[in-house]
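Written out below as structure tokens is the structure these notes cover.
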Amino acid sequence: MRQIFLVFKREYLTRVKKKSFLLATILTPLLFPALIFGIIYLANTDGGNEDKDIFVLDESGYFADAFNDSDYNYSHVTGTLDEAKAKFQEEGVYGLIHIPVLDLEDATKTRYDNFSFFSETNPGNSVMNDFERVIRVKLESIKLDRSGIDPNVINSLKVSIDLDSFNLGETGEAKENNTGLSSAIGYIFGFLIYMFIFIYGSQIMQSVLDEKTSRIVEVIVSSVRPFQLMMGKVLGVGAVGFTQLLIWIVLMFTLTSVGIAVFGGPAAGMEMMADQMSQEIELTETQETVANIENLLGTVPVVKILVSFLFYFLGAYFLYGALYAAVGSSVDSMQDAQQFMFPIMIPIIAAIISLGFVLDDPHSSLAVTLSMIPFTSPIIMMARLPFGVPTWQLLLSMVLLVGGFMGTIWVAGRIYRVGILMYGAKVNWKTIAKWFTMKV
Amino acid sequence: MNILEANNVSKAYAAHKALDDVSISIPKQSIFGLLGPNGAGKTTLIRIINQIIMSDGGEILINGEKLHPKHVNVIGYLPEERGLYKKMKVGEQLMYLAQLKGLSSGEARSRIKNWLDKMSLTEWAGKKVEDLSKGMAQKIQFIATVMHEPDLLILDEPFSGFDPVNANLIKDEIFELREKGATVIFSTHRMESVEQLCDDIAMINHSKKILDGTKKDIKKSYKSNKYQVDYKGQLTGLSPEFSIVETSVIEDDFSQAIIQVQNGQNPNQLLSELINKTEVHGFTEVIPSINDIFITIVEEAQS
């Protein structure tokens with residue numbers, strides 16, 4: 001145990017004391033919101049099309065007042081299409097909409113073709129949709145007008161419904177659930193596990209490889225059993241990941257609270273000084289939103305999810321961490337590692353790909369099966385959990401995961417103890433199988 | 001009392017036999033040479049002693065006890081393939097390695113300080129290994145090997161990477177450690193490099209031990225009763241007990257001859273005969289080097 005602890009301590013401290021760790025740990029929580037806000041900001045400022053001039057050549061005569069939205073700078077032109085095209089090129093405007101002569105006398109006709117949009121560059125989908133919508137709405141309103149139907153009748157035919165879904169628990173108590181929130185939670189936790197395996201698994205591999213290439217490993221294994229070295233490494237790197245996660249959570253909470261205190265405070269104060277009435281409305285709305293969120297959170301088993309997350313998080317990390325260590329011990333360089341990395345990644349990638357299907361139907365046989373297989377269960381079970389999973393399935397999946405990671409650690413340990421002492425060997429799956437069965 | 005005894009140790013990798021029924025015993029406080037060409041099985045034996053790998057058969061005794069995990073702390077091992085953590089600071093690295101060998105951090109700290117002072121590396125304690133010169137890194141590796149004052153020091157190809165200055169420094173340290181009670185195993189394929197250092201030797205070839213014993217006895221038993229004579233002028237007409245094996249001219253009229261003395265004759269008789277025949281300038285017994293003995297044995301085995 002002392003040896004594992006010493007290895008653990010070294011792996012942990014050398015990583016945590018690095019400047020790059022400090023930088024990544026502090027910058028990531030700042031970087032992500034900054035990125036998101038940056039994208040939103042750019043999208044908002046860039047969204048302006050007001051300075052884009054659009055010519056409208058309306059040969060039908062129905063659209064004189066249709067193009068009235070302020071998104072573009074419309075101007076109507078007259079003459080033939082060729083003249084309009086010439087003018088379009090001459091003045092270098094953004095686009096030209098051509099509306100041909102239309103026959104609206106036939107009330108049964110619902111399809112109208114031959115509208116054209118000319119521009120120098122390929123217009124985006126949203127631009128085309130905008131124009132299509134304007135034309136369609138105008139045509140529909142003309143046809144409605146002519147049909148003599150009261151618009152109120154049309155409106156009264158449109159209904160909206162709200163289908164609430166409930167979980168009928170074993171107690172017979174109906175619990176409201178929220179599919180959107182459940183999916184979001186499933187995605188977030190699934191991806192966290194995926195990222196963690198990916199980032200810290202490669203760190204384990206790098207660490208094993210460093211010891212091998214720097215040739216210190218033989219000195220180390222003359223005082224530490226290879227298995228202890230491997231476990232110390234897996235635990236140490238894992239603890240670094242946990243530390244990082246913890247700091248992120250603390251940082252994000254602090255930043256959010258600080259953000260609310262700084263930006264929320266004065267804003268609220270100004271509102272208070274403003275109209276008393278509107279402030280009251282504001283308040284009740286806010287209270288309602290908070291209550292809504294609390295309600296929603298009440299629909300998912302938060303404690304169960306968090307405890308399970310820690311469990312699956314650790315299980316997945318041990319399972320894949322050991323495999324990464326085995327790969328690192330088998331090769332002499334990062335390049336050689338690629339051929340072994342891919343098969344390891346296949347189950348994780350499969351889990352991520354099937355995540356969409358699982359969230360669509362969390363109780364399908366695909367979802368249940370994948371949440372049992374230790375290689376995919378951490379990601380898939382975390383995705384299923386918010387939707388409610390029978391206790392026996394959860395327990396079985398956990399037992400299988402424990403068995404799974406003990407199995408992979410055992411297999412990895414056998415490969416590792418031979419691999420770390422092999423230099424310049426041409427490694428393929430056959431040699432690895434040989435190392436696995438080799439008596440050391 | 002032997003600090004280490006290996007009895008009938010065998011080790012095979014698939015079809016390849018790495019060690020075949022090898023037995024050696026190493027007396028306490030000796031300097032022991034484990035000799036043989038590359039691939040003979042020396043490193044396999046050393047790894048078994050270090051409990052890095054396990055033997056298929058046979059047993060290893062350390063101080064009369066069967067090999068046990070606790071024994072890693074009485075051994076100091078400098079492998080042939082050796083290195084350090086490049087990104088780690090010298091002091092922290094030595095601390096880590098010392099603690100792995102069972103030293104407390106307080107004890108380790110004072111020993112590290114003493115050793116760094118001794119090797120005049122004190123001001124490098126806070127530097128990363130990658131900033132060190134190769135010679136300095138070698139000294140650090142040596143410190144890491146001996147820091148926990150092991151009873152048994154195993155040095156695999158110790159001088160292969162060392163420059164001559166460091167090699168001498170290390171040799172002196174090794175002798176000092178031996179004086180303090182340590183036993184040293186040198187493993188090397190460059191037999192001439194340890195010939196003058198060793199008290200006892202064992203030779204391994206093709207996974208088998210082919211010879212062992214004290215260096216003195218071995219050399220004695222492979223002495224072939226030949227003498228090298230430097231002389232001026234001519235040398236002819238020796239009695240039949242003495243036959244000239246080969247002659248060569250050194251310079252001008254100085255020559256050198258290797259003379260085989262028949263059993264039952266002693267060098268004094270040869271010398272007195274030579275004095276009558278020529279002008280003797282040098283007279284030494286031809287003692288075979290360990291390397292020569294090795295080649296002789298291998299050739300005998302082949303024929």
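Observations
- Interface area, chains B and A: about 2600 Å² of buried accessible surface, summed, with a 1.4 Å probe and ligands, DNA and RNA left out.
- Overall form of region A:1-130 per C-alpha gyration tensor (a/c, 1.5; a/b vs b/c): prolate
- Helix-only [θ]222 nm of the protein assembly as shown, DSSP H runs n ≥ 4, -39500 (n - 2.57) each, per residue, nearest 500: -17500 deg cm²/dmol
- Furthest towards positive pole of dipole, A:250, A:144, A:123, structure part the protein assembly as shown, Cβ charges: A:250
- Percent of Cα-Cα distances greater than 18 Å, calculated over region B:99-232: 65 percent
- In sequence order, region B:239-245 has phi-based couplings of 5, x, 5, 10, 10, 7, 7 Hz under the Karplus curve 6.51 cos²θ - 1.76 cosθ + 1.60, θ = phi - 60°, and Gly or Pro positions carry x.
- With 40 Å² as the minimum drop in accessible area between chain alone and full protein complex (1.4 Å probe), the qualifying residues in region A:213-229 are A:214, A:215, A:216, A:218, A:219, A:220, A:222, A:223, A:225.
- A Gaussian network model of chain B, with springs between Cα atoms under 10 Å, assigns the largest mean-square fluctuation among B:89, B:209, B:139 to B:89.
- Each Cα pair under 8 Å and six or more residues apart adds its sequence gap; the mean of these over the residue count of chain B is a relative contact order of 21 percent.
- Computed on region B:10-92, with alpha-carbon pairs under 8 angstrom and 6+ residues apart, the relative contact order is 23 percent.
- Cα-Cα over 28 Å, subset of A:17/A:233; A:434/B:17; B:70/B:216; B:28/B:118; A:439/B:89: B:70/B:216; A:439/B:89
- A simple spin-label model places pseudo-atoms 7 Å from Cα toward Cβ; at residue A:85 and residue A:16 they are separated by 7.2 nm.
- Rounded D (µm²/s) - the protein assembly as shown, Kirkwood Rh over Cα pairs, Stokes-Einstein at 20 °C, 1.002 mPa s: 62 µm²/s
- Contact-buried residues of region A:418-439, at a threshold of 50 Å² lost accessible area versus the chain by itself: A:421, A:439 (1.4 Å probe; DNA, RNA and ligands ignored).
- Hull volume per residue, based on the alpha-carbon atoms of region B:2-220 and their convex hull, is 121 Å³.
- Cα pair distances of region B:92-162 binned at 10 Å [whole percent]: 19, 53, 27, 1
- Most positive-pole-ward Cα, B:194, A:74, A:313, against dipole of the protein assembly as shown from beta carbon charges: B:194
- Between residue A:153 and residue A:65, the C-beta separation translates, for a Förster distance of 35 Å, into a calculated FRET efficiency of about 0.90.
- Taking amide H as placed 1.01 Å from N in the peptide plane, the amide H of residue B:183 sits under 5 Å from that of B:29, B:152, B:153, each at least 5 places away or on another chain.
- Candidate aspartates and glutamates - alpha carbon under 12 Å from residue B:232, same-chain residues fewer than 8 apart omitted: B:251, B:252, B:253, B:279
- Carbon plus sulfur fraction of accessible area for the protein assembly as shown, probe 1.4 Å, in percent: 59 percent
- Only Lys, Arg (+1) and Asp, Glu (-1) charged, at Cβ; the protein assembly as shown dipole about Cα centre in debye: 4080 debye
- Counting Cβ atoms of other protein chains within 10 Å of each Cβ in B:93-100 and taking the mean gives 5.
- Whole-Hz ³J(HN,Hα) from phi, Karplus 6.51 cos²θ - 1.76 cosθ + 1.60, for region B:161-171, glycine and proline x: x, 7, 6, x, 5, 5, 4, 5, 4, 5, 4
- Counting only residues at least eight positions apart within a chain, or on another chain, the lysines with an alpha carbon under 18 Å from that of residue B:219 are B:209.
- Eligible lysines near residue A:109 by straight Cα distance, threshold 29 Å, same-chain separation 8 or greater: A:138, A:143, A:158
- Residues of the protein assembly as shown: accessible area per residue with a 1.4 Å probe, Å²: 53 Å²
- Note on region A:53-150: Rg/Rh from Cα positions, Kirkwood definition for Rh, rounded to two decimals, is 0.98.
- As a ratio to 2.2 N^0.38 Å, the alpha-carbon radius of gyration for region B:224-286 is 1.00.
- Using a Gaussian network model of chain B in which every pair of alpha carbons under 10 angstrom is joined by a spring, one finds that among B:205, B:263, B:166 the greatest mean-square fluctuation is at B:263.
- 3J(HN,Hα) from dihedral phi, region A:232-244, Karplus parametrisation 6.51/-1.76/1.60, rounded to Hz, x for glycine, proline: x, 5, 4, 5, x, 5, x, 5, 4, x, 4, 4, 4
- Degrees separating the helix B:134-146 axis from the principal Cα axis of chain B, which is the longest one: 80 degrees
- Projecting the Cα atoms of B:261, B:248, B:227 onto the charge dipole of region B:224-286, computed from C-beta unit charges around the Cα centre, puts B:261 farthest toward the positive end.
- Nearest-0.05 FRET efficiency for residue A:41 and residue B:66, computed from C-beta distance (R0 56 Å): 0.15
The values are calculated or read from the model by the stated rules, or taken from the named source; none is laboratory data. Here the structure is a predicted model, which means the values were calculated and not measured. For neighbour counting, all protein chains shown are included, and Cβ atoms are generated from backbone atoms with ideal geometry for every residue, glycine included. The accessibility values were calculated without ligands, DNA or RNA, using every heavy atom of the protein model including side chains. Shrake-Rupley method; radii C 1.70, N 1.55, O 1.52, S 1.80 Å.
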